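The values are calculated or read from the model by the stated rules, or taken from the named source; none is laboratory data. What you are looking at is a predicted structure, and each value in this text was computed from that prediction instead of being measured. Methodologically, a virtual Cβ is constructed for each residue, glycine included, from the backbone with ideal geometry; neighbour enumeration extends over all protein chains shown.
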Amino acid sequence: MAALALAFLIVALLYASVGFGGGSTYNALLALSCVDYRILPLIALACNIVVVAGSTVRFARAGVTPWRGALLLTAIAAPAAFLGGLTPIGESEFLALLGAALLLTALTMLLPVAMNDGEPAGFARFMPLVAAPLGYLAGIVGIGGGIFLAPLLHLARWNSARAVAATASLFILVNSLFGLAGQVLKGGEGRFAAAVDIGLPLLVAVAIGGQIGSLLALKYLPQRWIRWGTAALTAWVGLRLLTGM
């Protein structure tokens with residue numbers, strides 16, 4: 001458990017330093033540790049909440065959250081995340097979907113984060129249409145979905161880089177809350193108790209890692225290096241998960 005907690009701390013540090021929660025990688029680490037796949041989303045979503053709650057508050061206090069657009073996207077995604085959490089899924093399907101999500105996550109990490117230096121792209125107004133599918137994926141697999149939303153918002157020149165990061169953080173937080181609620185209702189008290197038993201030390205680890213990542217990492221390492229390192233870690237874990245199925 002000590003090694004797993006250390007791995008969670010490092011993942012939280014890396015993801016928090018680039019504005020995300022790390023839910024997909026938490027899931028994969030638990031799966032590779034032979035934890036019952038049915039409780040993986042419960043632990044991963046709870047860890048997501050711990051990591052992104054602080055950054056969401058900091059963005060809000062700094063006045064960079066574009067509340068109208070961010071709340072619209074989040075309000076559309078949240079009910080879908082709840083339904084995703086309620087959806088039954090077999091182990092092989094879950095692991096395949098998780099592995100694919102990890103590889104896609106790694107690819108999104110490698111996309112450049114461009115500043116918004118012009119008018120929004122023509123498809124920017126269609127961003128609400130992607131919110132529900134991302135929310136459903138978030139709930140069923142145990143991720144926040146913001147890591148997929150953010151690159152789309154950047155490509156659409158939807159808003160400034162800081163506003164997109166703030167939106168992704170809020171998106172992850174709310175989707176994780178709704179997805180977790182669905183997962184708890186689906187699994188019942190027995191799975192919830194098992195998740196708490198395994199997850200408490202991991203929650204402490206990600207709380208520490210998330211704080212270090214959000215407050216310190218960007219002051220000492222270039223963000224590009226952190227993104228590349230996180231992408232490499234995510235891709236490696238995803239490939240291990242898929243090839244080990």
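Brief remarks on what is shown
- Within the option set Thr25, Thr56, being surrounded by fewer than 24 Cβ atoms within 10 Å (Cβ to Cβ), hydroxyl-bearing (Ser, Thr, Tyr) and part of a helix (DSSP H, G or I) holds for one residue only, Thr56.
- Breaking point among (1) at pLDDT 85 or above; (2) part of a loop (DSSP other than H, G, I, E, B), for Val130: (2)
- Of the residues in the stretch 158-167, none is more than 19 Å from the chain's Cα centre (by Cα) and within 20 Å of Pro79 (Cβ to Cβ).
- Looking only at residues of the stretch 130-186 that are β-branched (Val, Ile, Thr) and crowded, with 23+ Cβ neighbours inside 10 Å, we find that the one that is nearest to Ala44 (Cα to Cα) is Ile143.
- Any hit, the stretch 3-20, residues being crowded, with 24+ Cβ neighbours inside 10 Å, in contact with a Pro (Cβ under 8 Å, 6 or more places away or on another chain) and under 23 Å from Gly54 (Cβ atoms): no
- Subset of the stretch 137-164 (residues that are assigned to a helix (DSSP H, G or I) and touching a Leu at 6+ places or on another chain (Cβ under 6 Å)): Val141, Phe148, Leu149, Pro151, Val164
- Residue check, Leu155 at pLDDT 85 or above and not basic (Lys, Arg): no
- Candidates are the residues of the stretch 86-113 that are surrounded by 15 or more Cβ atoms within 10 Å (Cβ to Cβ) and in a loop (DSSP other than H, G, I, E, B); the one that is modelled with the lowest pLDDT is Val113.
- Pair list, Cβ < 8 Å and 6+ apart or interchain, from the stretch 1-18 residues that are over 21 Å from Ala195 (Cβ atoms) and of a type outside the set (A, V, I, L, M) to residues that are crowded, with 23+ Cβ neighbours inside 10 Å and at pLDDT below 85: Ser17/Gly213
- Per-region count, the stretch 30-53, residues more than 23 Å from Ile10 (Cβ to Cβ) and buried (at least 17 other Cβ atoms within 10 Å of the Cβ): 1
- Residue match in the stretch 197-220 (condition: surrounded by fewer than 18 Cβ atoms within 10 Å (Cβ to Cβ), in contact with a Ser or Thr (Cβ under 7 Å, 6 or more places away or on another chain), at pLDDT below 80 and outside any helix (DSSP H, G or I)): no
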